1. Quickly run through the stretch B:195-225 and pick out the residues that are under 22 Å from the mean Cα position of the chain (by Cα) and either under 20 Å from residue B:262 (Cα atoms) or of a type in the set (Phe, Trp, Tyr) (or both).
2. Residue B:201 versus (1) at pLDDT 90 or above; (2) within 24 Å of residue A:223 (Cβ to Cβ): which is the lone unmet condition?
3. Considering every residue within the stretch B:288-298, establish whether at least one is closer than 30 Å to residue B:71 by Cβ and surrounded by 14 or more Cβ atoms within 10 Å (Cβ to Cβ).
4. Hey, among the residues in the stretch A:189-214 that are closer than 19 Å to residue A:173 by Cα and part of a loop (DSSP other than H, G, I, E, B), which one's farthest from the other protein chains (Cβ to nearest Cβ)?
5. Could you tell me how many of the residues in the stretch A:169-195 are crowded, with 18+ Cβ neighbours inside 10 Å and in contact (Cβ under 8 Å) with a residue 60 or more places away in the chain?
6. State the number of residues belonging to the stretch B:23-57 that are more than 12 Å from chain A (Cβ to nearest Cβ) and without any contact (Cβ under 8 Å) to a residue 40 or more places away in the chain.
7. Would you check which residues across the stretch A:263-287 are crowded, with 20+ Cβ neighbours inside 10 Å, under 16 Å from the mean Cα position of the chain (by Cα) and part of a helix (DSSP H, G or I) and list them?
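The values are calculated or read from the model by the stated rules, or taken from the named source; none is laboratory data. In this text the structure is predicted, and so the values were computed from the model without any measurement. Counting neighbours? That spans all protein chains shown, and the Cβs are built from the backbone with ideal geometry, glycine included.
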Number of protein chains: 2
Amino acid sequence: MLDPKQLEALSAVVDSGGFDKAARKLFLTQSAISQRIRQLEEHLGQPVLTRTSPPEPTVAGRLLLQHYRQLSLMEGELISTLRPDAAQHAFSKLSVGVNADSLATWFLPAVQSVMQQGRLLIDVMMDDQDYTHELMRAGHVVGCVGTRPTPIQGGECHFLGCMRYLCLATPAFAAHYFADGFTPAALAQAPAIIFSGKDDLHSEFLQQFAGYTGSTPHLTLPTPQGFVQATRLGLAYSLLPELMIDDDLHTGRLIDLLPGQCIDMPLYWHHWRVESSLTQALSEALQTHAAKVLRQTPPG
Amino acid sequence: MLDPKQLEALSAVVDSGGFDKAARKLFLTQSAISQRIRQLEEHLGQPVLTRTSPPEPTVAGRLLLQHYRQLSLMEGELISTLRPDAAQHAFSKLSVGVNADSLATWFLPAVQSVMQQGRLLIDVMMDDQDYTHELMRAGHVVGCVGTRPTPIQGGECHFLGCMRYLCLATPAFAAHYFADGFTPAALAQAPAIIFSGKDDLHSEFLQQFAGYTGSTPHLTLPTPQGFVQATRLGLAYSLLPELMIDDDLHTGRLIDLLPGQCIDMPLYWHHWRVESSLTQALSEALQTHAAKVLRQTPPG
């Protein structure tokens with residue numbers, strides 16, 4: 001069988017982003033880490049990590065990581081069944097991929113009770129909502145919240161609900177740029193906000209609701225809270241999740257540029273098909289909470 | 001001279017994370033992008049991009065990007081001097097690296113007026129505060145907010161002030177885990193929050209103020225707002241920037257686990273030594289605003 005110490009070393013190098021950090025994390029010397037990785041590679045006859053900075057898992061490395069995460073989970077369950085007293089004091093750990101807007105709004109309240117009652121610690125990895133399942137496929141996480149509607153191979157997926165996005169700006173910004181409406185001329189002038197190069201939501205919105213496919217001036221902000229803050233400061237207009245805007249619409253701090261028009265983004269919970277009461281509890285908690293806070297419109 | 005169209009293609013591939021996205025961004029075909037990159041490489045006799053997904057700039061690529069960013073900036077200034085009318089309608093663009101806690105608190109208000117008056121759009125790239133200068137060195141950004149106290153080669157740096165971090169938890173969390181004080185036994189049991197594998201702040205704090213170097217259970221959350229939310233939900237204790245905690249201490253929602261003990265993290269503004277009135281205005285705006293909101297204790 002594979003040596004779990006070697007898999008642990010691989011996991012630590014990938015998660016911490018370096019051999020030195022992995023060594024500190026596992027209270028080992030750096031050469032002990034290198035040796036374990038080397039032994040693993042000799043055993044498998046192929047490299048498991050690229051020697052870049054940070055080191056990245058190869059295809060073989062990713063499969064090993066996936067295997068190791070599932071192994072850890074199953075072992076944790078087994079131990080807590082065999083030695084309930086010992087388990088009482090230990091935390092279990094799960095890595096999950098979450099899109100930024102979910103993490104900024106409903107995700108933590110949804111997992112609060114399962115974390116406290118199940119003595120669960122969560123490592124959240126964040127990515128664009130269309131890419132979180134890549135974190136899962138790469139073996140970084142045991143489950144993820146994302147937009148992919150079909151299970152990935154070996155996994156299951158559940159519809160959580162839709163996150164609704166509205167197109168908002170301050171009244172002053174709207175008066176300055178959109179006095180003549182949401183026209184192509186205005187869209188070519190008014191600064192928008194995009195999340196990152198991976199983010200297509202804004203251009204999809206413009207195409208769908210204004211038939212606009214031209215370029216727009218934009219700033220790039222890599223956090224949902226940055227979107228809200230920059231929009232409130234009047235620096236740009238943006239698509240904001242309705243869950244993030246508090247009372248801005250009621251107080252008139254922000255106005256809806258296209259009332260009645262919105263994007264409903266369906267979100268799904270993906271997880272590996274592994275028998276574990278903890279992932280099951282997590283899945284249930286996410287689905288129950290999401291049913292309360294996300295729009296339950298059936299996807300497209 | 002270097003062909004700016006080729007440099008623009010390089011910049012678009014790196015910023016958008018792929019040849020296909022770069023093509024869409026520049027309204028070109030993907031083969032036109034590939035051709036420009038290939039011509040640039042033939043001209044220089046070496047690769048400028050790795051053919052990975054996403055493509056990464058090589059060392060040569062990084063130097064070219066740095067050069068291109070500075071070129072764009074200087075040209076923008078020149079155009080706005082030569083054709084003030086045309087410039088009135090155009091936005092200038094700057095990429096800056098900002099640590100997550102600054103972006104979550106004081107950064108956007110600090111740049112608000114220079115963005116509005118200078119018709120400036122900012123692309124923010126985020127990284128751990130000890131790594132933002134790497135974004136600058138890699139040619140991704142023209143300036144950055146980070147902890148490095150000395151200028152990088154070819155750059156300047158200015159002290160902005162210190163961000164103060166307090167060690168906080170809910171009263172219920174404190175009563176459960178820290179009833180006997182901030183002891184090694186408690187630290188080995190109480191879940192903390194860390195930002196990422198790159199984040200050493202928490203372990204430094206424990207070492208400095210509790211002489212504790214052992215391991216601690218922890219969850220990983222990649223956003224400052226996640227730290228605040230998880231701490232308020234009673235899932236963990238954490239080091240939080242005082243700028244993020246609103247009235248939590250006054251209302252008693254959170255309590256200070258080590259009153260009088262805190263970490264003051266010195267922050268610096270780094271930028272390339274380029275003559276540009278816009279970067280100058282940005283530098284001044286950041287320094288003026290930071291002087292008001294960050295602790296002006298001289299760095300240790």
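1. Matches in the stretch B:195-225: B:195, B:199, B:200, B:201, B:202, B:203, B:204, B:205, B:224, B:225.
2. It fails just one condition, (1).
3. Of all residues in the stretch B:288-298, those closer than 30 Å to residue B:71 by Cβ come to B:288-290.
With the extra rule that they be surrounded by 14 or more Cβ atoms within 10 Å (Cβ to Cβ), the set shrinks to B:289-290.
Yes; the residues of the stretch B:288-298 include at least one that is closer than 30 Å to residue B:71 by Cβ and surrounded by 14 or more Cβ atoms within 10 Å (Cβ to Cβ).
4. Restricting to residues being closer than 19 Å to residue A:173 by Cα and part of a loop (DSSP other than H, G, I, E, B), the top hit is A:190.
5. Residues of the stretch A:169-195 crowded, with 18+ Cβ neighbours inside 10 Å: A:169-170, A:173-174, A:177-178, A:182, A:186-187, A:190-195.
Filter again for in contact (Cβ under 8 Å) with a residue 60 or more places away in the chain, leaving A:169-170, A:173-174, A:177-178, A:182, A:195.
Within the stretch A:169-195, residues that are crowded, with 18+ Cβ neighbours inside 10 Å and in contact (Cβ under 8 Å) with a residue 60 or more places away in the chain number 8.
6. Here is the first cut: in the stretch B:23-57, the ones more than 12 Å from chain A (Cβ to nearest Cβ) are B:23, B:28-49, B:51, B:57.
Add one more test, that the residue is without any contact (Cβ under 8 Å) to a residue 40 or more places away in the chain, and what stays is B:23, B:28-42, B:44-49, B:51.
Result for the stretch B:23-57: 23.
7. Answer for the stretch A:263-287, where residues must be crowded, with 20+ Cβ neighbours inside 10 Å, under 16 Å from the mean Cα position of the chain (by Cα) and part of a helix (DSSP H, G or I): A:282, A:286.
This table checks each residue for (1) within 23 Å of residue B:131 (Cβ to Cβ); (2) of a type outside the set (Gly, Ala, Ser).
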{"residue": "B:42", "(1), (2)": "no, yes"}
{"residue": "B:58", "(1), (2)": "yes, yes"}
{"residue": "B:98", "(1), (2)": "yes, yes"}
{"residue": "B:110", "(1), (2)": "yes, no"}
